[in-house]
Amino acid sequence: MKIKRLILLLLLLFIILPAVLICAVGTVRFCRTADALTGNNVRAVTSLQAQSLEDFFAQRAADLRIFSKLPDTLDLLGQHAKGERRENYPDLLRESNIILTTRVRDQSFALRMSLLDSEGVALASSDEGFIGERTLLSQEDWVRLSQDQVVISDLRTTPRFQDGLPHFFIAYPILVDGSFEGAAITVMDCSYFSRMIGQDFSFETGTLTVLDPSGQVAASGNSQLKGSVFELGVENDLGIQWQAIDPAAAPSGSLRFSIGGVKKLGYYSTVAAPGWTVLGAVDLWELEAPVRQALISTGWAVGALALAFLVMYLVLSRQFSYPLVRLSESIRRMRQGDYSDRYVYNKPNEFGEISTALGELMDAVQTKQAQLTESNRDLEALTANIPGGVHRCLADEYGTFDYVSEGYLKLIGYTQSQLERVFHNQFYYTIYEKDREQTMRRLREQLEAGDEAELEYRLVRPDGTVIWVYDKGRRVRGSKGEDLIYCVLLDVTGSKKAQEELRANEERLRIILDQTEDIIFEWHLLEDCVTYSANWERKFGRPPVYHNFVEEALAQKDVHPDDVPAFVELMGAIQEGRLPYGQAELRLRRGEGASGQYIWCRLRVTAQTDRSGQVYKAVGVIVDIDSEKRAALKLLQKSQRDPLTKLYNRSTAYKLISGILERERGPHALMILDIDDFKSVNDSLGHLFGDAVLTDIAARLTKLSRPGEIASRIGGDEFLLFLPGAGGEEAQAQAKEIEAALRHTFKTSFQEYRLTASLGLALAPEHGSSYTALFQNADTALYAAKKRGKGCCCLYSEGVRAEALHGGQGETIGHVQTVMETRGGWNERLSDQIFKILYDSKDTATAVRLILEIVGRYYGVSRAYIFENSPDDSACSNTYEWCAEGVSPAKDSLQDIPYSTVGDYPANFNEEGVFYCGDIHALPPGLYELLAPQGISSMLQCAILDDGRFKGYVGFDECAAARLWTKEEIDTLTLVAQIVGIFLLKQRAQDKLAAAYERQRSVMDSMDNWTYVINQETYELLYLNHKTQLIAPDAKVGERCYEAFFGGRSTPCRQCPMRALREDASNCTMEIHNKVLGVWSAATASRLDWEEGVKAVLLCCNDITKYKEPKGPASRGTTPEAG
């Protein structure tokens, strides 16, 4: 009966109850999963469309923001707000209307886009009929707009607009100089929402609805949801549920409601800023259908299991109960160690075979038990007597121990419990920490190649001592199919120490043999003791052994005080293991006491490490490099000095001053000196005398300089003096002292020269914190001092800059100033300097090349250049180029480059005339193939425009690496290009005009008649051709025509073709008789625009003397003699 109950219980516990539980749990999970899947589907679709709605609003606001930030839009509103109507006002209105109309045409949901002034009146609109109309925005909307907030309205209906269909608007505020001046507004219909609600659900009854903040339905897939959720016209509780939602506290969530008697499960998601909401819903009956079907299926399954249970129980009770009871009793006795009573079942079936097998198993167990006992005794005796230990571990990631011998525990010094507690019973953690990764990696590599492994690694005993072990292991497959590793460990610490000492000795011997010509030393780090070779004492006169090496060397002043930091850094890096090898050039003291001399030596040090990688010794060599070092220092000083004045040269001064400015903020002062009219000294007395004057000035400047100040000759007769730590008053006083000291007279045997100097002064940080800024401002102050009459000192200020820049500008300067005044955000000091160079220079080409160098160095680019178009604008050539040091010039290979080779090249420039590329690999293949051979990585090019026509460009290349150009750099370089472009265009125009005048002169010289040009107002001769000079050799340009050709006449001729030339006539011809020259001529006068805009008349006189009588007037003419 006991077995029957057991069988019954087992069937009940392991078949029926689990099956029922599984069905029940499966049903519950199915219901929950179905409900969760439905909720997730509704939530996902709703959230996705809510995100789409938010993106839609954000994109529309972005479109309005872009339009509102356009310069034309801001200009239009600014003029309107100020009541101005400049010449471009109609163009601005027209451009704005075109942009708005285009945007409405491109967006199917947009009904109207308008630009409103601060009173709500439409200045521009896609709907021309709306221009001048006042918008219907509420007072609250205008308040929000004036506070720089974007306004998104609720749904609205206007009978006069779109036939009363629902619509809404988005308005974006426009601020001009921080003041609210109007808004850009887009009015839209609900067509976009209608497309949104077409999103498919996984359920037949799933629908989407879009609502505005007031609950108005913008679009819905449910035909019953129309108008407001509070007035649907059918029985529902959605309005009550909707009213209870607080979007600020819960912007999304689920709700249950009913419409028209149909219960629904919904999920809503509110877009935060405008408060519009997307609502997704599914009918509840569709959710409950799967649940009902699952419950029916579960009931049928439980009934079938109950029937199967009953049949199984009856069969087991009749066929298996008795034999199982007897066999179980026999097994119970065997467990108790009683193998005498064995159950015998003789029937020819499975129970008979089991009974026989059980008896045989009892015999085999008895035999194996005796053998195992004997084997365990043998194994324990073996492991207890080997000089090491044995362990077995699993071949897993960390080698979990399966067995450890007593010998292994003695070897590592831990008990079995400590092994489990300290090392987590894992082989990996018993290894010395610094050897773990390397040991495990070698173990894996050897086991991948075979089943055996040999390892050497360190173990740490409880007392902190480290021992080396040799580990021999083999991988074996266990009885359960797992991989086991059997390992035998031997202590090899003694042999490892011997090997380490041998390796150290060999390394020391090798280094000594390599460096025997110089002083060898060994530094034992543990004892902090250094031992030098014998030649140390002979060379330096001190004992060859030092204790407390570094401290003693510093205390004895063995190292020059200026070299102590380098010495300490090198030795510290070697000692701490940061450098395996290092060297330094130091001055070491030779001899004892004050009489000792410092000599230059090169100190080379090599660290020696043990097998663990720890530095325990350093071996080094000291090389005498005193003569070479002093020669190199002499050459270095020579390279840093101006050969004539012995002052610092320009590049050295730049490096020294830049270093001080980077380390110390200030105060500092920078002074530029220029000898007034020094050219006259060279021209009158010769360059040798001029060199003597410059040398004398340098000597005076050096004498007046204080310790720490930097004096430099920066070119020609210009000098620079940097005063570190000097404030404004101190710097000005010293500048006046220097100016007075340089004011003296040079006498020669022939004459004397009074010498003066002009000084420009700039202060840091007031006038700049970099060398370039200080130099530019000091140079500007120097320029102002020159303009004030020379021989004085001028401190830089904004007034001084204005004085230097705005003195007598011509038409070109006015043009450039207009460009400068229309831009902002660029570096004024750099642009002022460029402007000054162009204005002062007599040679435009030289000025342009200087500007390219200044800009290139200022912004640290690799190459700066200018390309100018061919006369027909079909090609371009590199006309100017500056390259940084190490950058190859490309000008010669870039001549007559057709634009057609790279398509429409000017199209690469944006509306501001800028072509920017941070990485040329991103360019189209054609452009990349053109630029890559030049070594360009990044570039910035600015167009040169002539009345909007592309005439070339100014470019800046970076060849070292890709470069991100900042907005300030782009703005400044664009301005530089505009200024240079204006001067270049003017220069090219002047060149063309000069060439045209030259061609005109050549043509007139080749004419076979008397041709000359006279000033229409003054009668002065402006030009005479070759034939005229032959007949009147005494006539000269500048004389009046009647004086030159008519024997010194004092008044104009009464009969003159120029005087007879009417305003409406292009020319006039007369026959003139000249008694002085004895000729008759047919003189034709024509108006002519001469050089520099002079109004002139061209006279072409043909010789008709042979057609006239020797005396008297011409028979066919009526013109008397000129007189």
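When residue 110 is tested against (1) closer than 22 Å to residue 161 by Cβ; (2) without any contact (Cβ under 8 Å) to a residue 60 or more places away in the chain, exactly one condition is not met: (2). Checking the structure you have, find out if any residue of region 134-142 is outside any loop (DSSP other than H, G, I, E, B), without any contact (Cβ under 8 Å) to a residue 12 or more places away in the chain and either hydrophobic (A, V, I, L, M, F, W, C) or within 20 Å of residue 121 (Cα to Cα) (or both). Looking for residues that are outside any loop (DSSP other than H, G, I, E, B), without any contact (Cβ under 8 Å) to a residue 12 or more places away in the chain and either hydrophobic (A, V, I, L, M, F, W, C) or within 20 Å of residue 121 (Cα to Cα) (or both), one finds at least one in region 134-142, hence yes. Figure legend. Inter-residue proximity from region 894-908: first residues modelled with pLDDT of 80 or more, second residues part of a loop (DSSP other than H, G, I, E, B), beta-carbon distance below 6 Å, spacing 6+ or different chains. Indicated pairs: 905/899. Among the criteria (1) in contact (Cβ under 8 Å) with a residue 60 or more places away in the chain; (2) farther than 18 Å from residue 179 by Cβ, the one residue 78 does not fulfil is (2).
I'm checking my understanding of the structure. Among residues of region 449-464 that are part of a loop (DSSP other than H, G, I, E, B) and free of Cβ contacts under 8 Å to residues at least 24 places away in the same chain, which one is nearest to residue 494 (Cα to Cα)? Break it down stepwise before answering.
If we filter region 449-464 for residues that are part of a loop (DSSP other than H, G, I, E, B), which is where we start, we get 450-451, 461-464.
Filter once more, keeping what is free of Cβ contacts under 8 Å to residues at least 24 places away in the same chain: 450, 464.
Working: 450: 30, 464: 17 Å.
Filtering region 449-464 for residues that are part of a loop (DSSP other than H, G, I, E, B) and free of Cβ contacts under 8 Å to residues at least 24 places away in the same chain, the one nearest to residue 494 (Cα to Cα) comes out as 464.
Suppose we keep only residues that are surrounded by fewer than 14 Cβ atoms within 10 Å (Cβ to Cβ) and touching a strand residue (DSSP E or B) at 6+ places or on another chain (Cβ under 9 Å) within region 262-304. Which one would you say is farthest from residue 224 (Cα to Cα)? Filtering region 262-304 for residues that are surrounded by fewer than 14 Cβ atoms within 10 Å (Cβ to Cβ) and touching a strand residue (DSSP E or B) at 6+ places or on another chain (Cβ under 9 Å), the one farthest from residue 224 (Cα to Cα) comes out as 273. Scanning region 509-516 finds no residues that are in contact with a helix residue (DSSP H, G or I) (Cβ under 9 Å, 6 or more places away or on another chain) and at pLDDT below 90. Being more than 25 Å from residue 1099 (Cα to Cα) and polar (S, T, N, Q) is a property that holds for residue 978. The lone criterion from (1) closer than 24 Å to residue 895 by Cα; (2) in a helix (DSSP H, G or I); (3) in contact with a Cys (Cβ under 9 Å, 6 or more places away or on another chain) left unmet by residue 928 is number (3).
Residues considered: 745, 702. Of these, the only one that is over 23 Å from residue 801 (Cβ atoms) and either assigned to a helix (DSSP H, G or I) or modelled with pLDDT of 90 or more (or both) is 702.
Pairs meeting the criteria (first residue in region 254-274 and closer than 12 Å to residue 242 by Cα and assigned by TED's automatic domain parsing to the domain that holds residue 229, second residue assigned to a strand (DSSP E or B) and among the aromatic types (Phe, Trp, Tyr), beta carbons under 8 Å, at least 6 apart or on different chains) are 254/267; 254/268; 255/267; 255/268; 266/257. Can you name the condition, by its number, that residue 45 falls short on among (1) at pLDDT 85 or above; (2) touching a Gly at 6+ places or on another chain (Cβ under 7 Å)? Of the numbered conditions (1) at pLDDT 85 or above; (2) touching a Gly at 6+ places or on another chain (Cβ under 7 Å), the odd one out for residue 45 is (1). When both residues are 6+ apart or on different chains and their Cβ atoms are under 8 Å apart, which pairs have a first residue that lies in region 211-232 and is at pLDDT 85 or above, and a second that is of a type in the set (Phe, Trp, Tyr) and in a loop (DSSP other than H, G, I, E, B)? Pairs that qualify, where the first residue is at pLDDT 85 or above and the partner is of a type in the set (Phe, Trp, Tyr) and in a loop (DSSP other than H, G, I, E, B), are 211/276; 212/276; 213/276; 215/230; 218/276.
Beta carbons closer than 9 Å, at least 6 apart along the sequence or on distinct chains, pair a first residue in region 638-661 that is in the same structural domain as residue 698 (by TED's automatic domain parsing) and closer than 24 Å to residue 725 by Cβ with a second that is among the acidic types (Asp, Glu) and surrounded by 12 or more Cβ atoms within 10 Å (Cβ to Cβ) for 648/642; 649/642; 650/642. Taken as a whole, region 964-972 holds no residue that is surrounded by fewer than 20 Cβ atoms within 10 Å (Cβ to Cβ), touching a Ser or Thr at 6+ places or on another chain (Cβ under 9 Å) and assigned by TED's automatic domain parsing to the domain that holds residue 1057.
Residues in region 388-410 that are within 59 Å of the chain's Cα centre (by Cα), surrounded by 20 or more Cβ atoms within 10 Å (Cβ to Cβ) and outside any strand (DSSP E or B): 399 only. Note on region 470-482: residues that are under 20 Å from residue 441 (Cβ atoms) and out of contact with any helix residue (DSSP H, G or I) (no Cβ under 7 Å at 6 or more places or on another chain) amount to 5.
Name every residue in region 411-427 that is in contact with an Asp or Glu (Cβ under 8 Å, 6 or more places away or on another chain), assigned to a helix (DSSP H, G or I) and surrounded by fewer than 19 Cβ atoms within 10 Å (Cβ to Cβ), in order of residue number. Scanning region 411-427 gives no hits. Is it the case that some residue within region 707-714 is of a type outside the set (Gly, Ala, Ser) and either exposed (fewer than 14 other Cβ atoms within 10 Å of the Cβ) or free of Cβ contacts under 8 Å to residues at least 40 places away in the same chain (or both)? Within region 707-714 (the criterion being of a type outside the set (Gly, Ala, Ser) and either exposed (fewer than 14 other Cβ atoms within 10 Å of the Cβ) or free of Cβ contacts under 8 Å to residues at least 40 places away in the same chain (or both)), the answer is yes, since at least one residue qualifies.
For the structure I just gave you, tell me whether residue 240 is over 30 Å from residue 144 (Cα atoms) and free of Cβ contacts under 8 Å to residues at least 60 places away in the same chain. Outline the logic, then answer.
Numbers: over 30 Å from residue 144 (Cα atoms): yes; free of Cβ contacts under 8 Å to residues at least 60 places away in the same chain: yes.
So residue 240 fits the description; yes.
The requirement of being touching a strand residue (DSSP E or B) at 6+ places or on another chain (Cβ under 8 Å), under 26 Å from residue 654 (Cβ atoms), in the same structural domain as residue 964 (by TED's automatic domain parsing) and surrounded by 12 or more Cβ atoms within 10 Å (Cβ to Cβ) is not satisfied by residue 899.
For region 929-976, a residue qualifies if it is farther than 16 Å from residue 913 by Cα and either aliphatic (A, V, I, L, M) or more than 21 Å from the chain's Cα centre (by Cα) (or both), and the qualifying residues are 929, 930, 931, 932, 933, 934, 936, 960, 961, 962, 964. In summary, residue 848 fulfils each of the numbered conditions (1) over 21 Å from residue 938 (Cα atoms); (2) surrounded by fewer than 16 Cβ atoms within 10 Å (Cβ to Cβ) with the single exception of condition (2). In region 401-415, the residues that are of a type in the set (Lys, Arg) form Cβ pairs under 8 Å with partners that are at pLDDT below 90, at six or more places apart or across chains, as follows: 410/389.
With respect to residue 603, is the statement that it is free of Cβ contacts under 8 Å to residues at least 60 places away in the same chain, more than 30 Å from residue 715 (Cα to Cα) and buried (at least 18 other Cβ atoms within 10 Å of the Cβ) true?
yes
So which of 873, 919, 896, 904 is acidic (Asp, Glu) and within 21 Å of the chain's Cα centre (by Cα)?
919
Of the candidates 999, 1059, the single residue that is surrounded by fewer than 16 Cβ atoms within 10 Å (Cβ to Cβ) and in contact with a Pro (Cβ under 8 Å, 6 or more places away or on another chain) is 1059.
The values are calculated or read from the model by the stated rules, or taken from the named source; none is laboratory data. Because the structure is a prediction, the values reported are computed rather than measured. Ideal geometry is used to build each Cβ from the backbone, glycine not excepted, and the neighbour counts take in all protein chains shown.
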